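Working notes for the structure below.
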Amino acid sequence: MPVTAANSEVLRFDRLYIGGEWVLPEEGGLIESIAPSTGSVRALVARAGRGDVDRAVAASWKLGPALAAGCIRSAPICRNPKKCAR
């Protein structure tokens, strides 16, 4: 879910994907992603804080049974369609 910044060559990813949704980080802030070959800023990405990590971990625990079955509904490829969470 990139959003182009004022400089059309720098992408801005201001949200985190947690629990199947794009959400704003609780603490806010962006981190620069630097291209190693040029040293230039290629993207600004959302900075996750402790609260965001806690939310992500809690969301992952909810997926436990589906992951154990080898499939989750949002996965593009299901390894075990008969056991997929629906």
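Here, each number is a calculation from the coordinates, and none is a lab measurement. Just so it is clear, the structure is predicted and the values come from calculations on it, not from any experiment. Because the Cβ atoms are built from the backbone with ideal geometry, glycine has one as well, and the counts that use them run over all protein chains shown.
First select every other residue whose beta carbon is under 15 angstrom from the beta carbon of V57; then total the charges, Lys and Arg +1, Asp and Glu -1.
Details: positive: R50, R55, K62; negative: E26, D52, D54.
That works out to 0.
Between R47 and S33, what length comes free when the chain is fully extended (0.36 nm per residue of separation minus the Cα-Cα distance, one decimal in nm)?
Numbers: separation 14, 0.36 × 14 = 5.04 nm, distance 1.13 nm.
Here the answer is 3.9 nm.
Non-local amide H neighbours of G49 (under 5 Å, H modeled in plane, Pro and chain starts lacking H): which ones?
Placed amide hydrogens put E26, E27 under 5 Å from G49.
I need the phi-derived Karplus couplings for region 40-53: 6.51 cos²θ - 1.76 cosθ + 1.60, θ = phi - 60°, integer Hz, Gly and Pro marked x.
So the Karplus estimates, Gly and Pro as x, are 8, 6, 9, 7, 10, 10, 4, 9, 7, x, 4, x, 5, 5 Hz.
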